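Engineer: Can you keep this structure in mind? I'll have questions shortly.
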Amino acid sequence: MSNKPRSKLIHLLISKSIAEAVLVAAIAVGFYFVTSNPDLRGVLDVANTETVNGWAVDEARPWTRVEVQLFIDNEFVADKTAAEFRPDVHRARRADDDWHGFVFATPPLPAGEHEARVYALLPNATGTRRTLQLIEKPLRFRIEPEPTRLGFPSEKDGGR
Amino acid sequence: MSSMEYSKLESSEAVGDVIGDRALAGWEIASVVSSIFIAEWLASVAVDWARIAVAFPIGLAFVLSISSHRLRGETARDLGFRFDNFFRAAGLLTLPMIVTAIVCLAIAWWAGERIDFWRWHLSRPLAVQLILGFAWGFVQQYMLQSLVNRRAQIIWGKGWPSVLVVAAIFAGLHLPNPALVVATFVGGVIWAAVYQRAPNIFALAISHSLMTWIVVSTLPAPALHHLRIGFRYFGSN
């Protein structure tokens, strides 16, 4: 193979590499925008033995209600629409109205440390796929062992 | 580097001095393989209209491949698009294909799998599916043999090293499907070895279609996982 076609082939290989690098970058950026919502705002306010609550707003479409899912210790617990009364969110100008809160009842859990995570459910344009986006940070909470009549933790609750 | 040396390297022809024959052949192989990996693992993640993104890396691989043949002065006959050696290639393929088919039947018998020669595509006549399998095999064998195998021969020469590299690349392109990785490695060894002795893409494409039919008809369906590869292996659509 002489030098001229060889150099053409090298240029072609370099051009192809650049084109593919651009494609991979475009796919990565596209994937980010398809699977996450940069306009999602929300806070997980409370997680305790009784309730897990907070609020979530899609700032690009503040008139819609965000669907949220509660996971405790990475196990799905429940889902609902964030449409509870939260006037403080409206007053803080994070939403157009008062109805963007969510309140989950904490399910019965064994004694010990637990972690609550609430995710916003993001459907794609055609509804064929859904992804989860974490709302703020997970919250940890502790469930104390129930005291027995003698004042010691029962074995049932204190096993772990 | 002095300015004189720099200007010398800048001239178009001097670029060709920078890289040797074997390195260039290796680069071509890596480039084509990376395009297919991008299509399998990244572009296929796209949904709906964005699936057209798969065509981009595949198209680039074909542009590179065809340009490479032209720049290297390779003829269609060199690449295996010919009929004069068809029966020689078919003869070389016959025994390994029979042995592989017997092994597949033995695996089906051992696994208690029901052998069904009609299950390749339930909503399509078998003859049509075999023709489509030939067309798909033709494309794969062209890329695998006419480019990868020929460039591997520039690096390692004819023989087992280049045959095994071609088979390993072919198997790697079927990750992460374990059954297909094994099946394509075996097929890759047979096809690459036959191509080196009698380069004929038509015979290889027929063999590809027939062997796919045998594998689909005999091996346990859960192991084949609908022949899915790349990122789609983990998905449901």
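The values are calculated or read from the model by the stated rules, or taken from the named source; none is laboratory data. All of these numbers come straight from a predicted model, not from anything done at the bench. For neighbour counting, all protein chains shown are included, and Cβ atoms are generated from backbone atoms with ideal geometry for every residue, glycine included.
Engineer: I need the full set of residues from the range B:105-135 which are touching a helix residue (DSSP H, G or I) at 6+ places or on another chain (Cβ under 8 Å) and among the aromatic types (F, W, Y), in order please.
Structural biologist: B:F117, B:W118, B:W120, B:F134
Engineer: So, one more: Inside the range A:101-127, can you point out the residues that are at negative phi and within 14 Å of another protein chain (Cβ to nearest Cβ)?
Structural biologist: Within the range A:101-127, A:L122, A:P123, A:N124, A:A125, A:T126 meet the criteria.
Engineer: Looking at the range A:101-117, which of its residues are without any contact (Cβ under 8 Å) to a residue 40 or more places away in the chain and not in a loop (DSSP other than H, G, I, E, B)?
Structural biologist: A:E113
Engineer: Moving to a separate point now. I need the strands (runs of 3 or more DSSP E) fully contained in the range A:1-100, keeping only those with at least 1 residues that are more than 14 Å from every other protein chain (Cβ to nearest Cβ) and hydroxyl-bearing (S, T, Y).
Structural biologist: A:51-58, A:75-81
Engineer: Can you spot a residue in the range B:72-81 that is within 11 Å of chain A (Cβ to nearest Cβ) and either surrounded by 18 or more Cβ atoms within 10 Å (Cβ to Cβ) or closer than 19 Å to B:I229 by Cβ (or both)?
Structural biologist: Within the range B:72-81, one or more residues are within 11 Å of chain A (Cβ to nearest Cβ) and either surrounded by 18 or more Cβ atoms within 10 Å (Cβ to Cβ) or closer than 19 Å to B:I229 by Cβ (or both).
Engineer: Also, I was wondering about something else. Of the residues that make up the range A:22-33, is at least one surrounded by 18 or more Cβ atoms within 10 Å (Cβ to Cβ) and modelled with pLDDT under 95?
Structural biologist: For the range A:22-33, residues surrounded by 18 or more Cβ atoms within 10 Å (Cβ to Cβ) and modelled with pLDDT under 95: present.
Engineer: Quick test for you: out of B:S146, B:S162, B:S123, B:S65, pick the one residue that is touching a residue at least 12 places away in the same chain (Cβ under 8 Å) and either closer than 21 Å to B:T218 by Cα or within 14 Å of another protein chain (Cβ to nearest Cβ) (or both).
Structural biologist: B:S65 is the lone residue from the list that is touching a residue at least 12 places away in the same chain (Cβ under 8 Å) and either closer than 21 Å to B:T218 by Cα or within 14 Å of another protein chain (Cβ to nearest Cβ) (or both).
Engineer: Sort out which residues of the range B:214-237 are surrounded by 19 or more Cβ atoms within 10 Å (Cβ to Cβ), hydrophobic (A, V, I, L, M, F, W, C) and assigned to a helix (DSSP H, G or I), and write them in order of number.
Structural biologist: If the condition is that a residue be surrounded by 19 or more Cβ atoms within 10 Å (Cβ to Cβ), hydrophobic (A, V, I, L, M, F, W, C) and assigned to a helix (DSSP H, G or I), then B:I214, B:V215, B:V216 are the ones that fit.
Engineer: Of the residues B:L132, B:L173, B:L147, B:L204, only one is within 20 Å of B:V99 (Cα to Cα) and at pLDDT 95 or above; which?
Structural biologist: Answer to the check: B:L204.
Engineer: Which condition number does B:E74 fail, the rest of (1) under 24 Å from B:A171 (Cα atoms); (2) in a loop (DSSP other than H, G, I, E, B) being met?
Structural biologist: (1)
Engineer: Those residues that are part of a loop (DSSP other than H, G, I, E, B) and of a type in the set (A, V, I, L, M, F, W, C), I need them from the range B:79-134; list them, please.
Structural biologist: Within the range B:79-134, B:F81, B:F83, B:I115, B:F117, B:W118, B:W120, B:L122 meet the criteria.
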